[in-house]
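The values are calculated or read from the model by the stated rules, or taken from the named source; none is laboratory data. Worth saying up front: this structure is predicted, and the values here are computed from it rather than measured. Using ideal geometry, Cβ is built from the backbone for each residue, glycine included, and neighbour counts are taken over all protein chains shown.
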Amino acid sequence: MGRSKMIIGISCLLASLTLNSGCQIQDKNTDKNKNTEIRVGVLLYNMDDLFISVMTQKLDEGFREQEKKEDFKITVNFSDAKGSQTLQNSQIDKFIDQDYDVLCVDIVDRTDAAEIVDKGERADVPIVFFNREPVSADMKRWDKTYYVGTDSEEGGRQQGELFLEEYKKDKESIDRNGDGIIQYVILEGEPGHQDSMIRTESCLKTLKSAGIQLERLGTACANWTRTQGKEKMEGWLQGFGDTIEILFSNNDAMALGALDAMEENDIPFGQIKVIGLDGMEEAVTAIQEGKMLGTVLNDADAQVKSIIEIAISLGKKETPTDIDYMDSHHTVRVPHRIIK
Ligand code: BGC
């Protein structure tokens, strides 16, 4: 790829992330070597979300890598719904009007997929949902819908298992007051998100099934964000101080926010144990530095690989086959892994 085309490509991505511009037409006409093109629209629920910003970067890199292996051009355009389903619906209309071949959708409101599926079906534009799982009745409306995500139950369970492994090794450092009961707080993502409700439930269930006695000091929704995670933890530190023995967090961003609160309140790192989920780079560093007990990998690389494979195959008007972990309902659930 020539330098000028690379610059067009990069500025195109940057412009499209904020403005959803139509740069792809310029791109298309400057590429003489590839005679056909697949156009992919990627719709993000909110680009400010840490995990989603990582997925976006990986999707962009992944589609570019894939293009090198194919004898056609792959045009990818990203749009940010900034948390608004209404805005996302209009972005979908735009992509469909511009003859996009396939849409990858991180839906804002996972209970509201019917309209998107119907739009796709009317225009015969297949849809690969990811990260935020539509309800199954909506998925069943049309056979050209797919979902790529994880098994939320497994994610929460592995958080619980991580706790149990550490607890068996060193009870005293977790149950610091020695009362045989674990005083905990829990940061939840977003009401209604499958990864919030189910992760919380299965994490606590794993502990209870192992006979651990629990005392909940606090639970709060921090909408997946570091800022709100910090705010909630600050409130708990005011109320309970370091009598909190462990913080479970539905994701790493909120866990990192809780660490920020501890730092500001002079609570030594490692005293209150912290378990997150996602495997974000900063969380892995925090684990290595002893600030967090561990996290669970929400494997963005594997999810991105499946999204790209499915999208390209649908873009070629083929039926996706041989996709890792895909079941007969067009659902891919990438496995989690404990990191500590
Ligand atoms: C991730 C969170 C992210 C959320 C967004 C979850 O699967 O673990 O970090 O904020 O998806 O939908």
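Which of the residues that make up the stretch 282-332 are outside the structural domain of residue 124 (by TED's automatic domain parsing) and among the basic types (Lys, Arg)?
Correct list: 291 only.
Among the residues of the stretch 189-206, count how many are within 15 Å of residue 157 (Cα to Cα) and either more than 16 Å from the ligand (Cβ to nearest atom) or not in a helix (DSSP H, G or I) (or both).
Of the residues in that region, 3 qualify.
With 60, 48 as the choices, which residue is of a type in the set (Asp, Glu) and within 16 Å of the ligand (Cβ to nearest atom)?
48
Of the conditions (1) touching a helix residue (DSSP H, G or I) at 6+ places or on another chain (Cβ under 7 Å); (2) more than 23 Å from residue 233 (Cβ to Cβ); (3) in the same structural domain as residue 234 (by TED's automatic domain parsing), residue 142 clears all except one; give me its number.
With respect to (1) touching a helix residue (DSSP H, G or I) at 6+ places or on another chain (Cβ under 7 Å); (2) more than 23 Å from residue 233 (Cβ to Cβ); (3) in the same structural domain as residue 234 (by TED's automatic domain parsing), residue 142 is out only on (3).
Check off (1) at pLDDT below 95; (2) under 30 Å from residue 328 (Cα atoms) for residue 158 and give me the number that stays unchecked.
Status for residue 158: all satisfied but (1).
Considering only the stretch 225-254, state which residues are more than 14 Å from residue 49 (Cα to Cα), of a type in the set (Gly, Ala, Ser) and within 16 Å of the ligand (Cβ to nearest atom).
Selection gives 249 alone.
Given the conditions (1) touching a Gly at 6+ places or on another chain (Cβ under 6 Å); (2) within 16 Å of the ligand (Cβ to nearest atom); (3) outside any helix (DSSP H, G or I), report the number of the one that residue 185 does not fulfil.
Every listed condition holds for residue 185 apart from (2).
Show the residue pairs meeting these rules: Cβ distance below 9 Å; 6+ apart or different chains; first residue within the stretch 191-205 and at positive phi; second residue within 11 Å of the ligand (Cβ to nearest atom) and basic (Lys, Arg).
Here the result reads 192/110, each pair linking the stretch 191-205 to a residue that is within 11 Å of the ligand (Cβ to nearest atom) and basic (Lys, Arg).
From the list 135, 128, which one is closer than 26 Å to residue 297 by Cα, assigned by TED's automatic domain parsing to the domain that holds residue 39, away from the ligand (no atom under 13 Å from the Cβ) and out of contact with any helix residue (DSSP H, G or I) (no Cβ under 7 Å at 6 or more places or on another chain)?
Within the list 135, 128, the selection yields 135.
Those residues that are touching a strand residue (DSSP E or B) at 6+ places or on another chain (Cβ under 7 Å) and away from the ligand (no atom under 13 Å from the Cβ), I need them from the stretch 276-298; list them, please.
Restricting attention to the stretch 276-298, the residues satisfying the condition of being touching a strand residue (DSSP E or B) at 6+ places or on another chain (Cβ under 7 Å) are 276-279, 283-284, 287, 290-298.
Within the stretch 276-298, 284, 287, 290, 291, 292, 293, 294 meet the criteria.
Suppose we filter 307, 323 for residues that are at pLDDT 95 or above and part of a helix (DSSP H, G or I); which single one remains? Step through it out loud before you land on a result.
Working: 323 fails: part of a helix (DSSP H, G or I).
The unique qualifying residue is 307.
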